[in-house]
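Inspection log for the structure reproduced underneath, given as structure tokens.
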Ligand code: SAH
């Protein structure tokens, strides 16, 4: 599918015509990654953050938000819960906290690996390359770092303290890949000022980076963030469930064997249908939250996050029920990226990235 066709789908609003896109994405998903849906236990271990990203509710200096960093023992207990609930991966996510010692997180990774024997995914923002290397040696398998938008100007506006802008983010993704991580990235859909062309560029960049995992969610305004005060620009895309679904479907077509989650943001913007639509339109992963309730409530990147009041066991039971209803199964084991497994057998490819 060429760029013009992708753009046409991004602009399409007729539900009957969109059925063809959903069907194609679902078919490609089934043929390339199958019916198993892998569950990743999400542990939001710290909401401390040194960054001032304009969209995020955890941004540095936000008044009135109590900050926490869970202790190693508490994180390991969450990981144990995830394992007991049948999840073969835990995702350790936090704000970007330069005061978090890299060696401490290495200890956490090693302890979690010993406890669960499953895969460990990190999502802790940009750090010096030696930290990525240390954590890899400690046993981390995967790294999630969204580039958020491929539009350089928009990226720079949204991330006032990212000295190297989008290039810094792309360099981090390359460093992670060179260290042997499975690499995930992704974007928000409906950022103020984002255009259809930007979304087409995002898809091209997913492809160019050869991502193993892609996370896509609608942008949800946080009233305590500076971006919420901005009026929506004319001609910009909206952060609807439909727009985000279209990006999920097109991402499946662009990267047929990537692991693609039906994200929490998708479930938040449309509690009734968001997650099911994601799974029917290309997604093959779900990330149930296993963070203790009192912590989870403080990990407020956007308001009314889905699942904040739901207990981990209930969340997983609910996921199993909806997978049953969809005729899908729960993935067994770590659910490693098929793209990664193939790459291990062939010499690494170097690609030029210039969006
Ligand atoms: N500090 C880590 C984890 C950030 S939270 C990092 O920077 O990688 C994970 C993702 O949540 C972000 O990458 C971003 O895409 C998304 N996010 C942040 N604020 C959001 C908002 N207001 N609406 C929707 N998604 C948001």
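Against the definition (surrounded by fewer than 23 Cβ atoms within 10 Å (Cβ to Cβ) and either in contact (Cβ under 8 Å) with a residue 60 or more places away in the chain or more than 14 Å from the ligand (Cβ to nearest atom) (or both)), how does residue 138 come out, yes or no?
yes
Looking only at the stretch 141-169, filter to residues that are within 14 Å of the ligand (Cβ to nearest atom) and part of a helix (DSSP H, G or I); which one of those is nearest to the chain's Cα centre (by Cα)?
169
Assigned to a loop (DSSP other than H, G, I, E, B), in contact with a helix residue (DSSP H, G or I) (Cβ under 6 Å, 6 or more places away or on another chain) and modelled with pLDDT under 95: which single residue out of 193, 235 fits that description?
Only one candidate passes the filter, namely 193.
If you check residue 43 against the conditions, is it free of Cβ contacts under 8 Å to residues at least 60 places away in the same chain, under 18 Å from residue 288 (Cβ atoms) and crowded, with 21+ Cβ neighbours inside 10 Å?
On the way: free of Cβ contacts under 8 Å to residues at least 60 places away in the same chain: no; under 18 Å from residue 288 (Cβ atoms): yes; crowded, with 21+ Cβ neighbours inside 10 Å: yes.
Against the criterion (free of Cβ contacts under 8 Å to residues at least 60 places away in the same chain, under 18 Å from residue 288 (Cβ atoms) and crowded, with 21+ Cβ neighbours inside 10 Å), residue 43 does not qualify.
With respect to residue 237, is the statement that it is under 13 Å from the mean Cα position of the chain (by Cα) and buried (at least 23 other Cβ atoms within 10 Å of the Cβ) true?
It is false that residue 237 is under 13 Å from the mean Cα position of the chain (by Cα) and buried (at least 23 other Cβ atoms within 10 Å of the Cβ).
If you check residue 228 against the conditions, is it within 13 Å of the ligand (Cβ to nearest atom), out of contact with any strand residue (DSSP E or B) (no Cβ under 7 Å at 6 or more places or on another chain) and either in a strand (DSSP E or B) or more than 30 Å from residue 340 (Cα to Cα) (or both)? Before the answer, list the steps.
Details: within 13 Å of the ligand (Cβ to nearest atom): yes; out of contact with any strand residue (DSSP E or B) (no Cβ under 7 Å at 6 or more places or on another chain): yes; either in a strand (DSSP E or B) or more than 30 Å from residue 340 (Cα to Cα) (or both): yes.
Spelling it out, residue 228 is indeed within 13 Å of the ligand (Cβ to nearest atom), out of contact with any strand residue (DSSP E or B) (no Cβ under 7 Å at 6 or more places or on another chain) and either in a strand (DSSP E or B) or more than 30 Å from residue 340 (Cα to Cα) (or both).
Quick one: which of 244, 172 is within 14 Å of the ligand (Cβ to nearest atom), in a helix (DSSP H, G or I), closer than 17 Å to residue 281 by Cβ and modelled with pLDDT of 95 or more?
None of the others qualify; the one that does is 244.
The values are calculated or read from the model by the stated rules, or taken from the named source; none is laboratory data. Since the structure is predicted, the reported quantities are computational estimates derived from the model, not experimental observations. Cβ atoms come from the backbone with ideal geometry, glycine included; neighbour counts cover every protein chain shown.
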